[in-house]
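Reading through the structure tokens given below for one structure.
The values are calculated or read from the model by the stated rules, or taken from the named source; none is laboratory data. Model, not experiment: these values are computed from the prediction. Quick reminder, even Gly has a Cβ in these numbers, built from the backbone with ideal geometry, and neighbours come from all protein chains shown.
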Amino acid sequence: MTILNDPVSAKLGNRQQLSYIASQAADARLNVELETEGMTLNIGPQHPATHGTLRIIARLDGEQVVWAEPSCGYMHRGYEKLTEVRTFPQVTSLINRIDWLGSFANEVPFILAAEKLMNVEAPPRAQWIRTILFELSRIANVSLFLGDLGVQMGAITPVFLAFRDREYVLNLIESATGGRFHPNFDRIGGLKDDLPAGWIDETKVVMKKLRNFCDEIETLLFGNEIFQSRTRGIGVIPRDVALQYGLSGANLRASGVDWDLRRDQTIPLAYDKVDFKVWTHPDGDSFARCWIRLQETREATKIVDQLLDGIPSGPVMAKVPKIIKVPEGEAWVSTENPLGEMGYYVVSRGDLGPFRVKIRSASFNNISITPWLLRGVYVPDIITILASLYFILGDIDR
Amino acid sequence: MHLQKPKGEVNQLSSPAETAAPIVDTARDAMVAAIRTTLGAAVVDTLVKPGDDIWVRVMTESWCASIQALKEAHAFDYFCFLSAIDWMPSPYGRGEDDPSEPAPVRDTAIRPGYTGGDTRMQMLVRLVNSVTHLGINIKADVPNDSFTIDSICTVFAGANWHEREAHEMFGIGFAGHPDLRNMYLPVDFEGYPMRKDFPLLARMVKPWPGIVDVEPLPGSGADEEKDGSSEEGAS
């Protein structure tokens, strides 16, 4: 399903190419125009736009960026090394801290990889609850992004709305798992516990509130003229560049690639039981990336609603030995996390712990495009582009 | 809810269909056959796990060319990740040794994973076709003497940061990489932390608290004896 197949999309694809050419032209102009004395601008490590401690060093010519490079490592915790001295069940408490706004979603692909190696499948009820909690962490994560987006552009109100409504979701996650930020709820073979009584009804009420929140943000922020002029046509990423940098999630779909790991792979989660739309946008600019995330939050509330209606009964834990030894082998599992594709390449040697775990986090790839993307942009646009790429430092540094 | 089976038995809870008849994965088998034709002698070994994934190991010399060919001929246009694996088992085990006692001798013989391997370090790249969503894991040996392999930055620009990470963590050199600065570690850091013979220092200076905190499992003889003796002592 490429976007260039039908005539309407072909026109839009053309438009995307034109804006790409325009950004390349801005690049070229830098070289011909009268050169002024360069200046190095340091952004961060502490900056509200960085969701952690990312430092960006930008070399400026006038108001345009000639060269920019993020400097990572202020939060490197060496999780890949640490997993090698942990047992499989212990690893979840570490990887919870990778993307700390959507913690539960980090646990799922690792547990699925371990289950794949063990040839175990969680019971249906556990799979459904996993999917519900997965989507709830997406909502908690992305709603904060939507609120924070306003702050980057000088609008204070949206962030209060976001914190207000994210709290409802965090309360739900807390009442089901016991942890607001780091649930550590997923187990090999299922879940630690079943849902508490009354949780399903409560969740439905909250999903309605979240849909209202999305409407509020859409009218307040996305309809705002300043917001549009700050984001439309800014930071355009063409389809092929997005692919070769390994961008994923909303960033990739905003560049017109119709690919969602929830829909496009067979994975033991309940996504094939629900009906949802995968949104794409042909523009590839900052606005498209933000807009896709807004639509996805809305879509996630609908997924949760459908799952709540059809949740099967039964146990939430498969029969798994008390002391878990994972058979020898290699497995790769990735899922569509709030920030994009998150995957684990797990190598096991039939031991209590993994031999090697490669953590493929979405933000690392998403942010690796910045040296290419920031060239030629104006200084204020650095902030909006970084905000629209949406990264979390724990997810870059791991 | 827990297992009633005797110890050591691997549980098979998955659907009976999986164990009854082997799944035939025509799409992946066809893809591997096509890759073998495209790459020819560059392919060392392949592995298909039906319904799961593909592994292809290529010659070290044709690392970059193979990936380029896969990108162009088979449209593996999505760069997922690049990393390395150190196949030498760690001489420190899982870091649970008591530092006050002499270190136990461990078997550090190199045993490679899927599709084999002749060297200690192996490269691992995952690419995906963005239309069919078929993924592929590509491996290549990294020579033991030089620890150097060609950079694939020219094929996938996104590999730049991944190669920098592999360089500082595993000490692998990438010929043709524009800028192999450290990503995470300080400039003057010595050693390569992700190599298996790099000790996890936190576990070296202080014993892992898990060693002393472990409660003996009920039913183990030592535990009961100890309890009994302490009771006697108290009375």
Taking first residues from the range A:176-187 that are among the polar types (S, T, N, Q) and second residues anywhere that are surrounded by fewer than 16 Cβ atoms within 10 Å (Cβ to Cβ), the pairs with Cβ under 6 Å that are 6 or more apart or on different chains are A:Asn184/A:Ser93
Note on the range A:188-205: residues among the basic types (Lys, Arg) and either assigned to a helix (DSSP H, G or I) or touching a helix residue (DSSP H, G or I) at 6+ places or on another chain (Cβ under 6 Å) (or both) are A:Lys204
Reported set for the range A:187-215 where residues are of a type in the set (Asp, Glu) and more than 22 Å from the chain's Cα centre (by Cα) is A:Asp193, A:Asp194, A:Asp201, A:Glu202
Of A:Arg360, A:Arg349, the only residue that is among the charged types (D, E, K, R), surrounded by fewer than 22 Cβ atoms within 10 Å (Cβ to Cβ) and farther than 30 Å from A:Phe222 by Cα is A:Arg349
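Go through the range A:304-327 and report how many residues are on the phi < 0 side of the Ramachandran plot, part of a loop (DSSP other than H, G, I, E, B) and in contact (Cβ under 8 Å) with a residue 60 or more places away in the chain.
11
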The correct count of residues that are in contact with a Leu (Cβ under 7 Å, 6 or more places away or on another chain) and closer than 13 Å to A:Thr92 by Cβ in the range A:184-214 is 1
Of all helices (runs of 4 or more DSSP H) fully inside the range B:147-216, the set with 2 or more residues that are modelled with pLDDT of 90 or more and more than 10 Å from chain A (Cβ to nearest Cβ) is B:159-170
Worksheet item: Being in contact with a Pro (Cβ under 9 Å, 6 or more places away or on another chain), facing chain B (nearest Cβ under 8 Å), more than 23 Å from B:Lys139 (Cα to Cα) and surrounded by fewer than 20 Cβ atoms within 10 Å (Cβ to Cβ), is that true of even one residue in the range A:315-331?
Response: yes
Picking from A:Arg360, A:Arg398, the residue that is within 19 Å of the chain's Cα centre (by Cα), basic (Lys, Arg) and at positive phi would be A:Arg398
Within the range A:363-395, residues at the interface with chain B (Cβ under 9 Å from one of its Cβ atoms) and over 18 Å from the mean Cα position of the chain (by Cα) come out as A:Pro371, A:Trp372
Over the range A:245-279, the set of residues part of a helix (DSSP H, G or I) and within 18 Å of the chain's Cα centre (by Cα) is A:Ala250, A:Asn251, A:Leu252, A:Arg253, A:Tyr271
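If a residue must be assigned to a strand (DSSP E or B), touching a residue at least 60 places away in the same chain (Cβ under 8 Å) and not polar (S, T, N, Q), how many such residues does the range A:59-82 contain?
Counting residues in the range A:59-82 that are assigned to a strand (DSSP E or B), touching a residue at least 60 places away in the same chain (Cβ under 8 Å) and not polar (S, T, N, Q) gives 7.
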Determine if the range A:23-37 includes at least one residue that is modelled with pLDDT under 70, within 17 Å of A:Ser368 (Cα to Cα), part of a helix (DSSP H, G or I) and touching a Gly at 6+ places or on another chain (Cβ under 7 Å). no
If we ask which residues in the range A:94-108 are in contact with an Asp or Glu (Cβ under 9 Å, 6 or more places away or on another chain) and assigned to a helix (DSSP H, G or I), their number turns out to be 6
Query raised in the report: Does A:Val66 qualify as being of a type in the set (Val, Ile, Thr) and over 23 Å from A:Asp194 (Cβ atoms)?
Result: yes
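Matching residues to (1) crowded, with 19+ Cβ neighbours inside 10 Å; (2) within 11 Å of chain B (Cβ to nearest Cβ):
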| position | (1), (2) |
| --- | --- |
| A:Arg59 | no, no |
| A:Gly62 | no, no |
| A:Pro70 | yes, yes |
| A:His76 | no, yes |
| A:Asn96 | yes, no |
| A:Asp99 | yes, no |
| A:Ser103 | yes, no |
Checking the structure you have, find out if any residue of the range A:343-365 is among the small types (Gly, Ala, Ser), touching a Cys at 6+ places or on another chain (Cβ under 8 Å) and in contact (Cβ under 8 Å) with a residue 40 or more places away in the chain. yes
Only one of A:Ser137, A:Ser71, A:Ser103, A:Ser93 is among the hydroxyl-bearing types (Ser, Thr, Tyr), modelled with pLDDT of 90 or more and within 22 Å of the chain's Cα centre (by Cα), namely A:Ser137
